[in-house]
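Every number here is computed from the coordinates shown, using simple stated rules; none is lab data. Since the structure is predicted, the reported quantities are computational estimates derived from the model, not experimental observations. Because the Cβ atoms are built from the backbone with ideal geometry, glycine has one as well, and the counts that use them run over all protein chains shown.
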Amino acid sequence: MIEFQDISKVYQGKAGEIHALRHVNLKIRDGEIYGIIGLSGAGKSTLLSMINGLEYPSEGAVLVNGINICGLRFGELQKIRRNIGMIFQEFNLLNSKTVRHNIALPLIIAGEDKAVIRDRVDKLLQFVGLTDKAEQFPDQLSGGQKQRVGIARALVTNPSILLSDEATSALDPDTMESILDLLKRINRELGITIVMVTHQIRAVQKICNKVAVMQSGSVIEEGEVFRVFSNPQQQVTKDFVRTVVPDVITPSVCRQIRMESQENYEVLRLKFTGQNALGDLIYQVNTKFSLKTRILHATVTELNDQTLGILILQIIGKPEQIAEVEEYIREHEVQCEEVKCQYGL
Ligand SMILES: Nc1ncnc2c1ncn2[C@@H]1O[C@H](COP(=O)(O)OP(=O)(O)OP(=O)(O)O)[C@@H](O)[C@H]1O
Ligand SMILES: [Mg+2]
């Protein structure tokens, strides 16, 4: 378990104090893939770096498996660091050394036996799919392959925690997907807890089970990915989630309904989760009520093996009839809210 207890961090900048973190409280449980997302400067890297003592808080405590990182002597910290691997956006590889040597480096530094190192590196090369690249140099590899080397190096000491700081941010979309698949395998097959800092909501959607959203040094929203994605509360979260789970009508659809609609109507956003996701509620509405419904937008998204369906409906009818429909939908435990055409067209 990793615990941030009331963490604040103040840097002394040229123009005065910079509050990089403000009273952050988080718990990351063993076996989770925990995403920390936010815009540039939100404080994500600062927070992540406190888990392995690369940064220290100005106030508060960071506990890793119950041990306060902040109070440790260097030797004790080194021991804990062997249990925590880290990967970065820029890979941080030594270009003058082979792939094999780069991966072996933490074990060489620790003075490990040569045969043990060879065996361990061979296994990891196979795990990340780079056996045929062992004797090549980083400059001869693609971005995705370099990140695989970084990952193998981070795993060479057999850690139980992996920290990832924007590890997929410099990669093209297909390569990003394959690295995310690898991270998921590391979590599932090796049982490693992953803390992943990113500004890519797709990365959170694909592999995380928990997420914290940061803004200006604070955690503004936190919890199960499915819960946060299906009902985001903060504007920053809504903006992130919207890019992978679209929940608005397009400007052209908006324009069209404004131009043509003489009759009274309302536009409703329905969110279907769990058992309701594949239900027949719309069929029921159409047979039970004598009014017109039109589908303006529909998406079905898979999140953490659960299904989230979003439907935007235009309901044309008298206000009292529409109110009855809304009540009927809510009785079926489907989230329902009115949507305004946002585009002012
Ligand atoms: N060593 C430092 N000295 C002074 N200010 C710093 C230092 N490190 C970070 N900061 C400031 O702290 C704030 C948080 O920085 P941090 O790097 O944690 O953000 P981030 O969310 O990781 O951003 P990005 O997405 O751009 O990587 C920023 O305002 C940054 O300028
Ligand atoms: Mg950062």
- Item | Cα gyration tensor, the chain - rounded (a/c under 1.5), prolate or oblate | prolate
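Please identify every one of the GluC sites (Glu not before Pro) in segment 71-134 that sits in a loop by DSSP and has no more than 14 other beta carbons within 10 Å of its own beta carbon.
Filter output for segment 71-134: E90.
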- Item | Of K288/K318; K97/K133; K79/K133; K206/K238; K184/K210; K27/K184, those spanning more than 22 Å from alpha-carbon to alpha-carbon | K79/K133
- Give the peptides 311-323, 285-297 in descending order of average Cβ contacts within 10 Å, highest first. 311-323, 285-297
- Query: Using helices alone, what [θ] at 222 nm do you get for the chain, with -39,500 (n - 2.57) per DSSP H run of 4 or more residues, divided over all residues and rounded to the nearest 500?
  - Reply: -10500 deg cm²/dmol
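So how much slack lies between Q140 and D174, counting 0.36 nm per residue of separation and subtracting their Cα-Cα distance, in nm?
In short, 10.3 nm is gained.
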- Message: At R0 = 35 Å, how high is the FRET efficiency between R188 and K318 if r is their beta carbon distance? Nearest 0.05 is fine.
- Response: 0.05
- Query: Within a Cβ distance under 11 Å of H23, other residues only, what is the Lys/Arg minus Asp/Glu net charge?
  - Reply: 0
- Message: Need one number: % antiparallel among DSSP beta bridges in the chain, to the nearest 5.
- Response: 70
- Query: What spacing in nm lies between the two simple spin-label points modelled at S216 and D113, each 7 Å away from Cα in the Cβ direction?
  - Reply: 5.7
- Item | For T307, residues with placed amide H under 5 Å, excluding near neighbours | G274
- Query: In the chain, which Cys residues have no partner Cys with a Cβ closer than 4.7 Å?
  - Reply: C70, C208, C336
- Note on the structure: Residues meeting the amide H criterion for E221 (H placed from the backbone, H to H distance under 5 Å, 5 or more places apart or on another chain) are V213
- Item | Whichever aspartates and glutamates have a C-alpha closer than 18 Å to that of K123, once near sequence neighbours (fewer than 8 apart) are set aside | E112, D113, D132, E135, E189
- Message: Checking the a/c ratio against 1.5 first, then a/b against b/c, what shape does the Cα gyration tensor give for segment 251-338?
- Response: oblate
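Under 1.5 on a/c is rounded, so check that first for segment 55-131, then, if it is not, pick prolate when a/b is larger than b/c and oblate when it is not; a ≥ b ≥ c are the square roots of the alpha carbon gyration tensor eigenvalues.
Judged from the Cα gyration tensor, segment 55-131 comes out prolate (a/c at least 1.5, a/b above b/c).
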